[in-house]
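The structure under discussion appears below in the form of structure tokens.
The values are calculated or read from the model by the stated rules, or taken from the named source; none is laboratory data. Please read all numbers here as calculations on a predicted model, not as lab measurements. Heads up, the Cβs are rebuilt from the backbone with ideal geometry, glycines too, and the neighbour counts pull from every protein chain shown.
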Amino acid sequence: MSFNVLRIEQQGNIKVIIINRPKSLNALNKEVIKSLEDTFRSIDKDASVQGVILTGEGERAFAAGADITEFQNLEAKDGEAFALRGQEVFSLIEHCSKPVIAVVNGFALGGGCELAMACHMRIATSNAKFGQPEVNLGLIPGYGGSQRLLHLIGKGKGLEYLMTAEIIPASTALSLGLVNYVEEDKVSAIEKAQSLLATIATKAPLAIGHVIHCANAAYDERVNGYHEEAKRFGACTATEDFKEGASAFLEKRRASFKGQ
């Protein structure tokens, strides 16, 4: 696939997605949202992809936010539809069966912060800055930020940052649990993401997908996470990968998983 606003690179079994609007600090317009949707729908069906890195072009921004020119004149009904559209695509990323790591360089504000939080893990560069500054515009987050930020750092601190609109530097993001790691620069952050994905790629891919599903279920009040865990555990026991993993364990050798 080819997109005007995304640059996609294949690094072995890792797909690297780069938001490519550097002149707009990689702001998330409708074209970016649609391109992300198409890309992740394709990735989820592609057995050759074992992991995804999502980042922003350049050093200044992962994504500085949603493109305000697209929603500044919306009425309430249209505004709701606008938010639901972003939530739909970010949920698609969150529920991707392949591990998705955001490498956050520079600004990740508003919709950019929400996009990073929709990924399964986050690695920040030392100059990364997170935040949900929507109240400065008379708004609230629309792409899931009021929910995911609280899930990641807790209700008290989450509400503090949502209501004060304060920027969260990389070091603070690490201490809050908003990011998994902070690396000195983008190169080392990409290398850390590649290392994590390489480790995950040695595990059973079907089981990895089930882990992601169950972790998401833990935050979904519509489902019983424990029931989902038991169901997915049962599904795993019927796979060839489980037979291979059990045999390898008993035979004291490295398992060779096929995703079956």
Testing Ile53 on (1) touching a residue at least 60 places away in the same chain (Cβ under 8 Å); (2) buried (at least 17 other Cβ atoms within 10 Å of the Cβ); (3) assigned to a loop (DSSP other than H, G, I, E, B), one condition comes back false. Which one is that? (3)
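Please go through the stretch 168-185 and give me each residue that is of a type in the set (Gly, Ala, Ser) and within 18 Å of the chain's Cα centre (by Cα), ordered by number.
Ala170, Ala173, Gly177
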Out of everything in the stretch 70-87 that is touching a residue at least 12 places away in the same chain (Cβ under 8 Å) and of a type outside the set (Gly, Ala, Ser), what residue ends up being farthest from Pro133 (Cα to Cα)? Arg85
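Determine, yes or no, whether Ala81 is of a type in the set (A, V, I, L, M, F, W, C) and closer than 19 Å to Pro169 by Cβ. So that I can check it myself, show each step before the final result.
Values: of a type in the set (A, V, I, L, M, F, W, C): yes; closer than 19 Å to Pro169 by Cβ: no.
It is false that Ala81 is of a type in the set (A, V, I, L, M, F, W, C) and closer than 19 Å to Pro169 by Cβ.
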For the stretch 83-90, indicate whether the set of residues that are at pLDDT below 95 and β-branched (Val, Ile, Thr) is non-empty. no
Here is a list: Ala230, Ala235, Ala248, Ala255. Which entry is more than 24 Å from Met117 (Cα to Cα), among the aliphatic types (A, V, I, L, M) and outside any helix (DSSP H, G or I)? Ala255
Can you name every residue in the stretch 234-249 that is surrounded by 13 or more Cβ atoms within 10 Å (Cβ to Cβ) and among the hydrophobic types (A, V, I, L, M, F, W, C)? Ala235, Cys236, Phe242, Ala248
State the number of residues belonging to the stretch 123-159 that are more than 25 Å from Val187 (Cα to Cα) and buried (at least 16 other Cβ atoms within 10 Å of the Cβ). 17
Over the stretch 6-29, the set of residues more than 18 Å from the chain's Cα centre (by Cα), in a loop (DSSP other than H, G, I, E, B) and within 18 Å of Arg60 (Cα to Cα) is Arg21, Leu25
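Scan the stretch 89-122 for residues that are among the β-branched types (Val, Ile, Thr) and either in a strand (DSSP E or B) or surrounded by fewer than 21 Cβ atoms within 10 Å (Cβ to Cβ) (or both) and report the count.
Taking the stretch 89-122 and keeping what is among the β-branched types (Val, Ile, Thr), we get 89, 93, 100-101, 103-104.
Then drop every residue that is not either in a strand (DSSP E or B) or surrounded by fewer than 21 Cβ atoms within 10 Å (Cβ to Cβ) (or both), which leaves 100-101, 103-104.
Residues meeting the conditions: 4.
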Quick one: count up the residues across the stretch 160-185 that are hydrophobic (A, V, I, L, M, F, W, C), part of a loop (DSSP other than H, G, I, E, B) and surrounded by fewer than 18 Cβ atoms within 10 Å (Cβ to Cβ). 2
Check on Gly142, in a loop (DSSP other than H, G, I, E, B), of a type outside the set (A, V, I, L, M, F, W, C) and in contact (Cβ under 8 Å) with a residue 60 or more places away in the chain: yes
Which one of these does Glu31 not meet: (1) in contact with a strand residue (DSSP E or B) (Cβ under 7 Å, 6 or more places away or on another chain); (2) over 21 Å from Ser97 (Cα atoms); (3) not small (Gly, Ala, Ser)? (1)
